[in-house]
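Worksheet for the structure shown next.
The values are calculated or read from the model by the stated rules, or taken from the named source; none is laboratory data. Model, not experiment: these values are computed from the prediction. Here the Cβ positions follow ideal geometry from the backbone for every residue, glycine too, while neighbour counts run over all protein chains shown. Please note that ligands, DNA and RNA were not included when accessible areas were found on the heavy atoms of the full protein model with its side chains. Shrake-Rupley method; radii C 1.70, N 1.55, O 1.52, S 1.80 Å.
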Amino acid sequence: MLVKVHGSAVFGVEAITITVEVNIDKGIGYHLVGLPDNAVRESSYRISAALANVNYKLPGKKIIINMAPADIRKEGAAYDLTIAMGILGASGQIKSEKIDEYVIMGELSLDGNLQPIKGALPIAIKAKEEGFKYLILPKDNVKEAAIVDGLTVFGVENIKEVIHHFNEDAFLTETKIDAFDVFNSNNNELDFDFADVKGQESIKRCMEIAAAGGHNIILIGPPGAGKTMLAKRLPSILPPMTLEEALETTKIHSVIGKVKDSGVLYQRPFRSPHHTTSDVALVGGGQYPQPGEISLAHNGVLFLDELPEFKRSVLEVMRQPLEDREVTISRAKFTITYPSSFMLVASMNPSPSGFFNDENNQFLSSPAEMQRYMSKISGPLLDRIDIHIEVTPVPFEKLSEESKGESSITIRERVIKARLIQSARFKEFENIHYNAQMTVKQIREFCKLSEESKSLLKNAMEKLNLSARAYDRILKVSRTIADLDNSIQVNTSHIAEAIQYRSLDREGWLG
């Protein structure tokens with residue numbers, strides 16, 4: 001008897017429907033074809049033990065299983081339940097008349113219990129797109145999949161529940177989740193707040209500008225100055241994610257099995273990889289490609305602490321994703337594209353010793369040491385960072401103050417207003433939503449300067465020895481400052497403030 005059961009394969013951040021054809025005939029043997037990997041081939045042992053432990057059996061006949069389409073590699077143990085239900089249906093141990101209306105996925109334990117799988121959200125989205133009515137998944141994945149509207153999702157703990165469901169002995173209970181309710185009840189929670197930061201008012205202002213315009217930023221300061229503390233609070237002043245952004249971000253985390261109990265990521269991600277991370281871990285890839293840190297930071301913040309300590313090769317592979325806001329991983333037989341639209345926040349010490357390089361400092365570094373230290377960061381990478389800001393230690397008087405600073409919620413309100421101005425400005429442009437994404441053409445159109453402003457910018461570039469690459473960055477940042485001031489025109493004061501945020505472009509900025 002031939003039975004067809006449907007599963008799903010995750011490819012990048014998308015899913016592809018897999019049809020598992022099970023045919024049982026006279027003879028003896030177990031044959032699994034359709035480009036399965038070792039984990040899929042080993043499924044027969046898990047299925048046999050699981051069925052025996054719930055008082056069912058693997059038939060002692062010739063079992064041929066084909067996983068179509070055969071040119072797509074099937075990976076992992078998530079097909080255990082799919083194959084098991086196909087075998088039970090083909091051997092007449094369950095009623096299989098309606099089984100083709102279901103997508104079934106789950107990894108079996110030897111006792112018949114189901115282990116969570118990866119990619120539940122992309123699987124649910126694909127099942128709905130292709131017109132399937134029902135989805136059966138392990139209970140640990142059910143919240144993640146149930147946020148897809150228009151699909152009946154069942155969460156199960158043991159294969160016996162699925163068997164009883166198809167035999168109509170005891171039906172599974174649908175899991176219903178209102179994605180809007182879950183999202184709206186949680187997306188205003190803040191893990192960190194700028195109210196906890198003592199002093200550093202100029203740095204907070206700089207972070208606000210970065211958040212308002214989506215600008216990449218680098219913090220330069222000695223150990224203990226508060227660089228990491230400030231960076232961790234940046235997501236708290238970014239605009240709350242829309243439901244569309246939340247689902248897009250959740251899909252990426254779902255692929256690696258890192259979705260929280262709520263089923264949807266409602267806060268913007270904050271990723272902080274260690275400086276020993278490899279280029280594959282950062283941008284994604286591997287033998288079986290997985291998204292890297294830059295994709296896991298999609299719609300959020302990627303924080304690179306101690307930027308010069310990262311291997312140069314690791315930093316260089318970020319250049320294309322920073323520009324294109326996606327990363328493409330190519331292999332001989334396939335190409336995968338992961339989204340990677342994130343804000344880069346980097347930090348670094350001002351010198352090899354870790355302290356600002358002035359004559360009164362006992363940790364004075366030689367020019368050669370400084371050159372070697374700064375050469376670890378390439379010019380093209382710095383070219384993609386709009387704001388450079390120096391962070392100095394907070395004096396004791398500020399640290400000992402009992403009063404709290406301005407809260408993240410208050411700062412966020414100003415950021416949201418500035419983002420709304422930018423959304424209206426760029427509504428006719430595709431893939432441009434905030435100032436940091438402006439091309440040269442948009443810069444010339446939306447950052448027109450008065451003669452006074454042009455003169456100020458010219459003098460600054462000449463006197464401060466600013467590089468040519470700083471010109472467009474200053475205009476982008478000044479446009480954001482103007483938006484925060486609710487100003488249509490970019491004024492001289494906006495240009496003057498933006499010029500301050502190009503520390504690394506100035507010759508001799510360290511002393």
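What the table shows:
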| quantity | calculated |
| --- | --- |
| Pairs, first more than 29 Å from E244 (Cα to Cα) in region 107-134, second open to solvent by less than 30 Å² (accessible area, probe 1.4 Å) and of a type in the set (D, E, K, R), C-beta under 8 Å, six or more apart | E107/D80; L108/D80 |
| Residue within region 424-436 that is more than 35 Å from the chain's Cα centre (by Cα) and either within 20 Å of L219 (Cα to Cα) or not basic (K, R) (or both) present | no |
| Residues of region 319-344 that turn out to be more than 21 Å from I432 (Cβ to Cβ) and either at pLDDT 90 or above or not basic (K, R) (or both), as a count | 6 |
| Odd one out for E161, checked against (1) open to solvent by 10 Å² or more (accessible area, probe 1.4 Å); (2) at positive phi | (2) |
| Residue check for G150: at positive phi, in a loop (DSSP other than H, G, I, E, B), open to solvent by 40 Å² or more (accessible area, probe 1.4 Å) and touching a helix residue (DSSP H, G or I) at 6+ places or on another chain (Cβ under 8 Å) | yes |
| Residue within region 448-465 that is under 22 Å from R325 (Cβ atoms) and in contact with a helix residue (DSSP H, G or I) (Cβ under 9 Å, 6 or more places away or on another chain) present | no |
| Number of positions in region 379-405 that are modelled with pLDDT of 85 or more and of a type in the set (D, E) | 2 |
| Hits in region 26-55 (condition: among the hydrophobic types (A, V, I, L, M, F, W, C) and touching a residue at least 60 places away in the same chain (Cβ under 8 Å)) | I47, A49, A50, L51, V54 |
| Residues of region 383-400 satisfying the condition of being touching a residue at least 40 places away in the same chain (Cβ under 8 Å) and among the acidic types (D, E) | D383, D386, E390 |
| Residue check for S185: out of contact with any helix residue (DSSP H, G or I) (no Cβ under 8 Å at 6 or more places or on another chain), modelled with pLDDT under 70, of a type in the set (S, T, Y) and open to solvent by 10 Å² or more (accessible area, probe 1.4 Å) | yes |
| Residue among V10, V22 that is out of contact with any Ser or Thr (no Cβ under 6 Å at 6 or more places or on another chain) and open to solvent by 50 Å² or more (accessible area, probe 1.4 Å) | V10 |
| Region 153-176 residues that are closer than 20 Å to Q93 by Cβ, paired with ones that are surrounded by fewer than 13 Cβ atoms within 10 Å (Cβ to Cβ) (beta carbon under 7 Å, 6 or more apart) | H164/A170; H165/F171 |
| Segments classed as strands (runs of 3 or more DSSP E), wholly inside region 278-354, with at least 2 members that are open to solvent by 10 Å² or more (accessible area, probe 1.4 Å), within 29 Å of P240 (Cα to Cα) and without any contact (Cβ under 8 Å) to a residue 60 or more places away in the chain | 326-330 |
| Selection count, region 52-86, where residues are among the aliphatic types (A, V, I, L, M) and in contact with a helix residue (DSSP H, G or I) (Cβ under 7 Å, 6 or more places away or on another chain) | 9 |
| Test: residue in region 252-272 that is of a type outside the set (G, A, S), open to solvent by 30 Å² or more (accessible area, probe 1.4 Å) and assigned to a helix (DSSP H, G or I) | no |
| Test: residue in region 482-495 that is in contact with a His (Cβ under 8 Å, 6 or more places away or on another chain), surrounded by fewer than 18 Cβ atoms within 10 Å (Cβ to Cβ) and among the acidic types (D, E) | yes |
| In region 112-143, residue nearest to I16 (Cα to Cα) [restricted to those that are among the polar types (S, T, N, Q) and over 23 Å from the mean Cα position of the chain (by Cα)] | Q115 |
| Counted residues, region 87-112 - those being open to solvent by 10 Å² or more (accessible area, probe 1.4 Å), outside any loop (DSSP other than H, G, I, E, B) and in contact with a helix residue (DSSP H, G or I) (Cβ under 8 Å, 6 or more places away or on another chain) | 1 |
| Selection count where residues are closer than 27 Å to E413 by Cα and touching a Gly at 6+ places or on another chain (Cβ under 9 Å), scope region 236-264 | 4 |
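Okay, residues lined up against (1) open to solvent by 10 Å² or more (accessible area, probe 1.4 Å); (2) closer than 28 Å to V394 by Cα; (3) touching a residue at least 60 places away in the same chain (Cβ under 8 Å); (4) among the aliphatic types (A, V, I, L, M):
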site	(1), (2), (3), (4)
R205	yes, yes, no, no
I209	no, yes, yes, yes
L219	no, yes, yes, yes
K232	yes, yes, yes, no
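Table: residues versus (1) acidic (D, E); (2) on the phi > 0 side of the Ramachandran plot; (3) out of contact with any Phe, Trp or Tyr (no Cβ under 7 Å at 6 or more places or on another chain).
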position: A246; (1), (2), (3): no, no, no
position: K251; (1), (2), (3): no, no, yes
position: G257; (1), (2), (3): no, yes, yes
position: K260; (1), (2), (3): no, no, yes
position: G263; (1), (2), (3): no, yes, yes
position: P269; (1), (2), (3): no, no, yes
position: D279; (1), (2), (3): yes, no, yes
position: L282; (1), (2), (3): no, no, yes
position: Y288; (1), (2), (3): no, no, yes
